[in-house]
Amino acid sequence: MTVKNTRSRAAQPLAVAATALVATVALYMALVAFGNITDFGTNQQFVRHVLAMDTTFKDEDLMWRSIDSATVQDIAYIAIIGWETVAALVLTVAAFQWVTALRGGGFGRAKRLATHGLVMVLLLFGAGFIAIGGEWFAMWQSADWNGLEAATRNFLVAGLVLVVVHLAAVEGRRDPGEERHGEGEKRAVTEGSTR
């Protein structure tokens, strides 16, 4: 009985950490989306300059990649805001699922939702900003419109949270199984002693 309680307590802090971290990323993504919606013009200019590649070294071997159409640039920006908003919503629901799971166990649904939301963040900042913006559109060359540092930070935070989420879910799943296994061993010892 003492072993059970110790194991349950050991798993709890990691699940609490996962809950807090998922909620933090959800809040961050909600504020990013809110900021881009309410202050549309600031990051609209960022996206336009990155896609136009007008502040890069203007190497003629790369400039064929630039997108000068304001309409296409704005569509890309609106798609980014939409992606941020959906990621924020998924992570918010995931955070509530983690809170529910802390009370009653069963981290599976919370883990799945958090994974979906965090992968959305990883894709946005990793594939979108670091790979496509940074390399394809040579954002790394721009002194004025370079978001690689922030994108890398966001990518790493989301990746770290994803690891914690999966560790917490594994730990939450492992304890009950170990307890059942331990009970089976007790039964076997008891049955063996009566023979």
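The values are calculated or read from the model by the stated rules, or taken from the named source; none is laboratory data. Predicted model only: the values in this text are computed from it and were never measured. These accessible areas exclude ligands, DNA and RNA; they are computed on the full protein's heavy atoms, side chains included. Shrake-Rupley method; radii C 1.70, N 1.55, O 1.52, S 1.80 Å.
Counting only heavy atoms of the protein chains and using a 1.4 Å probe, residue 132 has close to 90 Å² of accessible surface. Tally up the carbon and sulfur contribution to the accessible surface of the stretch 114-164 as a whole percent, 1.4 Å probe, everything protein left in place. Summing carbon and sulfur atoms, their accessible area is 74 percent of the total for the stretch 114-164.
Taking every protein chain into account, the 1.4 Å probe leaves residue 31 with about 100 Å² of accessible area, to the nearest ten.
Think of a 1.4 Å ball rolled over the protein heavy atoms: the stretch 1-154 then has 54 Å² of accessible area per residue.
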